[in-house]
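The values are calculated or read from the model by the stated rules, or taken from the named source; none is laboratory data. Because the structure is predicted, anything quoted here is derived from the model rather than measured. We place every Cβ from the backbone using ideal geometry, glycine too, and count neighbours over all the protein chains shown. Accessible surface areas use protein heavy atoms only, side chains included; no ligands, DNA or RNA. Shrake-Rupley method; radii C 1.70, N 1.55, O 1.52, S 1.80 Å.
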Amino acid sequence: MGSEFEMSMMGELNFFLGLQVKQTPKGTIISQHKYIKVLLKRFEMESSKISDTPIATITRLDMDEPGSPVNETMYRGIIGSLLYLTASRPDIVFSVGLCARFQSSPKESHLKVAKKILRYLKGTQDLVLYYPSGDNFDLIGYADIDYASYLVDRKSTSCMAHILGLCLISWGTRK
């Protein structure tokens, strides 16, 4: 343990592994606004239209999709970047996870969905995780499961979320 002097010399945490952190007396804000801007530029999506949702509810992707194959390296780059972004964006976890299933042989339809996620991020890049200060919170957990309706492999998909007070603190999906 360092002395009080040594700790005060380090300063406040502002940026950590691509996460922007802003601490105030009322709480802590975590975002990846700068990372999203870099992603949009890297994949040439800065001037694209904005999407209201990361994925359409009727979207059904399959390994045997019709259409031309796309560049696997580029597709994997998009998916890897989006997976990193899920650290602060629980709203894209499901759609990114769905797209990640097709990295071995992506088709145009898979790339179209991945780019829709980027267009969604363009319109929502200012969303943040906010954790208010205080210690008077209840812990609540939610879970949901979809039994074998995914037509590709008939496996179930489950998801969970844990909320402390009004703050989402963990989330995940599993196939």
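The table below lists the values:
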{"quantity": "Hydrodynamic radius (Kirkwood) for segment 1-132, which is based on Cα pairs only, to one decimal in Å", "calculated": "16.4"}
{"quantity": "Computed over the chain: relative contact order in percent, which uses C-alpha pairs under 8 Å that are six or more apart", "calculated": "23"}
{"quantity": "The chain - charge dipole about Cα centre, Lys and Arg +1 at Cβ, Asp and Glu -1, debye rounded to 20", "calculated": "620"}
{"quantity": "Cβ-based charge dipole, the chain, positive-most Cα from Ile55, Pro132, Asn14", "calculated": "Ile55"}
{"quantity": "Charge sum, other residues only, whose C-beta stays under 14 Å from Ile92's C-beta, Lys/Arg counted +1 and Asp/Glu -1", "calculated": "+3"}
{"quantity": "Degrees between helix 72-85 axis and first principal axis of the chain (Cα, 0 to 90, nearest 10)", "calculated": "30"}
{"quantity": "Solvent-accessible heavy-atom area per residue, rounded to whole Å², over segment 51-148 at 1.4 Å", "calculated": "55"}
{"quantity": "Volume per residue of the C-alpha convex hull in segment 65-175, rounded to whole Å³", "calculated": "103"}
{"quantity": "Accessible surface of the chain, 1.4 Å probe, proportion on carbon and sulfur as whole %", "calculated": "57"}
{"quantity": "Unsatisfied cross-links (Cα-Cα over 21 Å) in the set Lys34/Lys116; Lys41/Lys122; Lys49/Lys112; Lys22/Lys115; Lys22/Lys116", "calculated": "Lys22/Lys115; Lys22/Lys116"}
{"quantity": "Simple Cβ-charge dipole of segment 80-122, Lys/Arg +1 and Asp/Glu -1, about Cα centre, in debye nearest 20", "calculated": "160"}
{"quantity": "Net charge, Ser31 excluded, C-beta distance under 15 Å - Lys, Arg +1, Asp, Glu -1", "calculated": "+3"}
{"quantity": "Cα long-axis angle, helix 33-42 against the chain (0 to 90 degrees, to the nearest 10)", "calculated": "30"}
{"quantity": "Linear extension gain, Lys175 paired with Glu65, 0.36 nm per residue minus alpha-carbon span", "calculated": "37.6 nm"}
